[in-house]
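S.K.: Provided herewith is a single structure, encoded as structure tokens, for subsequent inquiry.
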Amino acid sequence: MKLNTNSNTYIIIYSAVLVIIVAFLLAFVFQALKPLQDANVELDVKKQILYSLNIRGLDGQEAEQKYNEVVTGKVEKGELTYYGCQIDGQTKYVFPLKGMGLWGGISGFVSVNDDLNTIYGAYFNHESETAGLGAEIKDSQSWQEKFKGKAIFDKDGATAIAVVKKVEEPASQVDCVTGATLTSNGVSDMLRNDLAKGVRLLKEAVESTKAKEE
């Protein structure tokens, strides 16, 4: 019996079979590539952590090796999450940050000295900020370097770190990215909320441990 390739039934069946085959192939390719994709995502996170520690310009293998060398471990305890690190014999703590920019999510990692107040380095990322404007939080290394040495808290313990239009407290403030006020505000919110909160929680944990040892 000769098939009528012009019939609606044939076209529907042919289309359905084709869709099933394509869907199967896509699912197969996705599953086959997923371990590689997961590894790339993990490596990207490790690189961002290294960037926040002022370690840049490494390829994949070098970054993996350096990460294993300087990052001693990740601590997740309740609301507290940080990475313990050793740089030239000195302890650093790296805190992950999450927030919102103008067009989507922004994130970052900020490293802090063992005084739990001074920023050692910073790296920020974004999902969809405008190139040349909000995207500068990721693309401008010189802007990220402005956070080095900034104080998170003032002498009274209040949160002082901020991104502002006009710097009045150089010890704790960084000027915003030109033309990207909302994205800069998002970075400031991450610092004043996620970073300050994380450092405070770590301080409490350290003080609690010391009290138990005494």
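S.K.: Would you mind stating whether K98 is within 12 Å of the chain's Cα centre (by Cα) and either part of a helix (DSSP H, G or I) or modelled with pLDDT under 95 (or both)? Steps first, answer last, please.
M.R.: On the way: within 12 Å of the chain's Cα centre (by Cα): yes; either part of a helix (DSSP H, G or I) or modelled with pLDDT under 95 (or both): no.
So K98 fails the test.
S.K.: Exactly one of these conditions fails for V75: (1) under 17 Å from the mean Cα position of the chain (by Cα); (2) under 26 Å from A171 (Cβ atoms); (3) aliphatic (A, V, I, L, M). Give me its number.
M.R.: It fails just one condition, (2).
S.K.: Residue by residue through the range 138-162, note down the ones that are open to solvent by 30 Å² or more (accessible area, probe 1.4 Å) and among the hydroxyl-bearing types (S, T, Y).
M.R.: S142, T159
S.K.: Among the listed residues K197, K210, identify the single one that is over 21 Å from K138 (Cα atoms), in contact (Cβ under 8 Å) with a residue 12 or more places away in the chain and open to solvent by 90 Å² or more (accessible area, probe 1.4 Å). Write out each step before concluding.
M.R.: Details: K210 fails: in contact (Cβ under 8 Å) with a residue 12 or more places away in the chain.
Of the residues listed, the single one that is over 21 Å from K138 (Cα atoms), in contact (Cβ under 8 Å) with a residue 12 or more places away in the chain and open to solvent by 90 Å² or more (accessible area, probe 1.4 Å) is K197.
S.K.: I would also like to ask the following. Regarding E79, is this residue in contact with a Leu (Cβ under 7 Å, 6 or more places away or on another chain) and open to solvent by 80 Å² or more (accessible area, probe 1.4 Å)?
M.R.: On the way: in contact with a Leu (Cβ under 7 Å, 6 or more places away or on another chain): yes; open to solvent by 80 Å² or more (accessible area, probe 1.4 Å): yes.
Against the criterion (in contact with a Leu (Cβ under 7 Å, 6 or more places away or on another chain) and open to solvent by 80 Å² or more (accessible area, probe 1.4 Å)), E79 qualifies.
S.K.: I've got another one for you. Confirm whether V71 is at pLDDT below 95 and either exposed (fewer than 15 other Cβ atoms within 10 Å of the Cβ) or under 26 Å from D115 (Cβ atoms) (or both).
M.R.: On the way: at pLDDT below 95: no; either exposed (fewer than 15 other Cβ atoms within 10 Å of the Cβ) or under 26 Å from D115 (Cβ atoms) (or both): yes.
No: the conditions fail for V71.
S.K.: Applying the selection to the range 128-142, what residues are among the charged types (D, E, K, R), closer than 23 Å to Y83 by Cα and touching a Ser or Thr at 6+ places or on another chain (Cβ under 9 Å)? Lay out the reasoning, then the answer.
M.R.: First, the residues of the range 128-142 that are among the charged types (D, E, K, R): 129, 136, 138-139.
Pick out the ones that are also closer than 23 Å to Y83 by Cα and you get 138.
Those that are among the charged types (D, E, K, R), closer than 23 Å to Y83 by Cα and touching a Ser or Thr at 6+ places or on another chain (Cβ under 9 Å): none in the range 128-142.
S.K.: Go through (1) crowded, with 20+ Cβ neighbours inside 10 Å; (2) in contact (Cβ under 8 Å) with a residue 60 or more places away in the chain for Y93 and report which single condition fails.
M.R.: (1)
S.K.: Being in contact with a Cys (Cβ under 7 Å, 6 or more places away or on another chain), under 24 Å from I55 (Cα atoms) and of a type in the set (A, V, I, L, M, F, W, C) narrows it down to one residue among V199, V163, V112; which is it?
M.R.: On the way: V199 fails: in contact with a Cys (Cβ under 7 Å, 6 or more places away or on another chain); V112 fails: in contact with a Cys (Cβ under 7 Å, 6 or more places away or on another chain).
The conditions single out V163.
S.K.: Another question, if that's okay. Identify the residue in the range 163-177 that is in contact (Cβ under 8 Å) with a residue 24 or more places away in the chain and over 13 Å from G149 (Cα atoms) and, among all such residues, is most open to solvent (accessible area, probe 1.4 Å). It would help to see each step written out before you state the result.
M.R.: Initially, the range 163-177 is screened for residues in contact (Cβ under 8 Å) with a residue 24 or more places away in the chain, giving 163-164, 174-175, 177.
Add one more test, that the residue is over 13 Å from G149 (Cα atoms), and what stays is 163-164, 175, 177.
Values: V163: 10, V164: 33, D175: 57, V177: 12 Å².
Restricting to residues being in contact (Cβ under 8 Å) with a residue 24 or more places away in the chain and over 13 Å from G149 (Cα atoms), the top hit is D175.
S.K.: Let me ask something else about it. Of all residues being over 16 Å from R56 (Cα atoms) and open to solvent by 20 Å² or more (accessible area, probe 1.4 Å) in the range 101-125, which is nearest to the chain's Cα centre (by Cα)? Just the residue, please.
M.R.: Residues of the range 101-125 over 16 Å from R56 (Cα atoms): 101-107, 112-119.
Remaining after also requiring open to solvent by 20 Å² or more (accessible area, probe 1.4 Å): 102-103, 107, 113-115, 117-118.
Numbers: L102: 17, W103: 17, S107: 4, N113: 18, D114: 21, D115: 22, N117: 20, T118: 19 Å.
My answer is S107.
The values are calculated or read from the model by the stated rules, or taken from the named source; none is laboratory data. As the structure is a prediction and not an experimental result, all values here were calculated from the model. Backbone-built Cβ (ideal geometry, glycine too); neighbour counts: all protein chains shown. Protein only, heavy atoms only, side chains kept; ligands, DNA and RNA dropped before computing areas. Shrake-Rupley method; radii C 1.70, N 1.55, O 1.52, S 1.80 Å.
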